[in-house]
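Any read-out appearing in this document is the output of simple, stated calculations on the displayed coordinates, not a laboratory observation. Here the structure is a predicted model, which means the values were calculated and not measured. Here the Cβ is made from the backbone with ideal geometry for all residues, glycine too, and neighbour counts use every protein chain on show.
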Amino acid sequence: MLDLGKIVNLTANGTLEDLEETTTQLPYIPVGLEVTHLPVDNGSASTGFMILAGCMVWFMVPGLALFYSGLSRHTNALSLMMLCMQGMAVVIVQYFLFGFSLAWGLKGRTFVGDFYSGAYNNLYTHSFPNTSPQIPAISFAFFQMMAANIAAALIFGSVPERARFAPAMVFVFCWTTFVYDFTSFWEWADYG
């Protein structure tokens, strides 16, 4: 638990002075009857690294699309690139709306997460104390969304020349919702 009684500030002349709490209270998660305050990250190298790592994973999806199109016949090269890139768009929308909340539920469920953080609601600069204690939840959510994108794009390597566009997008949406989000919660979430 964080001590919110006083905030210590370093003044311009180098002395420490105690300030009364004038800021808004930190975001909290009700767990049973106890209220748990989450630690806040004010910016660190860990945050920058997670954003950089998320961007690098984002570049893996077009790279994978180019790789798959190079392995297929020239008549199917564009369709494979389009499947990978449009699949990325579908996963981004799904993960933003409810996928992150299902995969990393903030409240103590045992089977799958909840919709508490749907549309990145209730994600501020706090961190997950057990999973990622040094980075803000929003940058953690960005990196996890990119990981979901590359996992969904890997599927299309097995279906060149055999997949139609609309059913493939429905499949990616359902697979991300019912397979990726559930197994992410079971393997990596705090309450999974």
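What order do you get for T47, T131 when you list them from fewest to most C-beta neighbours inside 10 Å?
Result, fewest neighbours first: T131, T47.
Determine by what factor the alpha-carbon radius of gyration of the stretch 38-188 differs from 2.2 N^0.38 Å, reporting the quotient.
1.11
With an 8 Å cut-off on Cα pairs and a minimum separation of 6 or more residues, tell me the relative contact order of the stretch 38-188 in percent.
35 percent
Taking K and R as +1 and D and E as -1, what net charge do the other residues with C-beta under 12 Å from the C-beta of F98 add up to?
In short, -2.
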